[in-house]
């Protein structure tokens, strides 16, 4: 991996493509300025480019992603210390090419409908009206293939105040409704943990917001750069896209560049605050006064202390086993370097099966190998959390370069200073919090309030509720869903599906400000081009057969993941059958 002061760009100029080029105060501008100025020159052309031509670029990116998928996965597996033949390889297929291909495919369908009909293709039967008059849209499943691959799953997007069924069209595809769009240059600061994040942030800026883009890769996964540059090569060739590599000096220079109009950040709130307000005491004082250094539009996705609310009910042995695997997946998938990893499990203190679920969760995790701690700082963060909670169970021995999952149970929900409530661990550490309530109905309300008021972030939350309890407590469940201030609320399944489905916007609950950023501002993916989404609600079955391929306990996930990616590149019945057959072997 290159050091923090090395960089290059995807500009066609030879001096910019040397990977050993070393930056300094004098050379940063010499190398980066031409790339940014080229984007400035093409920004107006891109903004006004005919939609048919933009669709061609999107289709070329889809074809390029399919072409480079296998190499990308192999590089990620090697970089993360995974065995090429292990089921964990499926995580890289799903979190990389599969999601990228799905979003591109759905976006192309939307743009084609927009070109053909002058509006986003939305079936009127999908649009509903909430009790408060606001619009909601059922965005999944969309096809027979969706119904076959995700039987029993549904997703609905709820709009912000003022968006009604009658005016919904006026709050979709905002960029494409402009008569005289202006060219803008966007900087995307890529994430280092998941392969699809940077590319899809670029796709959003290009095709949803109409901006040309420079993508700065995170040093953690800059090995993905050549695959991205190949896949998106037509956009790079024609001057609408550039890439940059390096450390904080490169990012800071681009953020402050006068020709960069907008910035999108995926990462953590401290990084966001350093960019917006500066570092050290002066930065803290600027944040206190809400006086940002940058007068630019800044959007972001900054993680979350993600809660899982466990509604008390009568669970069968098989249900406990399934949900233990569901929770384990959310705790350790991708070595727990996910913004939507389960960080807080909220239980009912008097639930008779509470300990049974926790025991089974420990049993599942203890049989899994410790994952490599590939993300910088993970071991230090892990030690801080286990030191703060010395009674936490560690499921496996500590090995060099690998971290066993840890779970601290019985946290006091009323304690003033709980690091697990206020800080995203971004390592395999999770905590359990039992709440006192007189009934299951009361528990749901208390749990929603606890998550809203005590936990940091508003990105995603989950509620686990068995079918019998859901039937009995449907009004209370719906009230809890309404109350939870999160961009995605999932029932019974991992909220990461909101990131993966493509038809669902992904981002924080609206309303944050630069000086209280929490999980960020704005949303991405969003292939229906909603301008003002508020919350996505995903509902899934309490148990699923075959086992979902994203489960860390799926024995054939590597084969299912690859087939899912190839299916999204070119859907068809034979490929669907291949996915189902591979899934049955999990």
Problem set entry | Residue check for residue 71: surrounded by fewer than 17 Cβ atoms within 10 Å (Cβ to Cβ), modelled with pLDDT of 95 or more, touching a helix residue (DSSP H, G or I) at 6+ places or on another chain (Cβ under 7 Å) and farther than 18 Å from residue 202 by Cα | yes
Problem set entry | Criterion (surrounded by fewer than 24 Cβ atoms within 10 Å (Cβ to Cβ) and in contact with a helix residue (DSSP H, G or I) (Cβ under 7 Å, 6 or more places away or on another chain)) met by exactly one of 473, 403 | 473
Exercise. From the residues in segment 286-310 that are in contact (Cβ under 8 Å) with a residue 12 or more places away in the chain and assigned to a helix (DSSP H, G or I), which one is nearest to the chain's Cα centre (by Cα)?
Worked result: 287
Seminar exercise, completed: If we take segment 90-191, then strands (runs of 3 or more DSSP E) inside it with 1 or more residues that are within 30 Å of residue 273 (Cβ to Cβ) are 154-159, 185-189
Seminar exercise, completed: residue 213 vs (1) closer than 23 Å to residue 377 by Cβ; (2) part of a strand (DSSP E or B): all pass except (1)
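Table: residues versus (1) at pLDDT 95 or above; (2) in contact with a strand residue (DSSP E or B) (Cβ under 8 Å, 6 or more places away or on another chain); (3) in a helix (DSSP H, G or I).
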{"position": "425", "(1), (2), (3)": "yes, yes, no"}
{"position": "434", "(1), (2), (3)": "yes, yes, no"}
{"position": "451", "(1), (2), (3)": "yes, yes, yes"}
{"position": "469", "(1), (2), (3)": "yes, no, yes"}
{"position": "475", "(1), (2), (3)": "yes, no, yes"}
{"position": "485", "(1), (2), (3)": "yes, no, no"}
Exercise. Which one of 283, 313 is without any contact (Cβ under 8 Å) to a residue 24 or more places away in the chain and surrounded by fewer than 23 Cβ atoms within 10 Å (Cβ to Cβ)?
Worked result: 283
For this session: With respect to residue 576, determine if the residue is within 18 Å of the chain's Cα centre (by Cα) and over 30 Å from residue 294 (Cβ atoms).
Result: no
Seminar exercise, completed: Going through (1) at pLDDT 80 or above; (2) assigned to a helix (DSSP H, G or I) one by one, residue 49 fails only at (2)
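The values are calculated or read from the model by the stated rules, or taken from the named source; none is laboratory data. Remember, predicted model here, so these are calculated numbers, not experimental data. Here the Cβ is made from the backbone with ideal geometry for all residues, glycine too, and neighbour counts use every protein chain on show.
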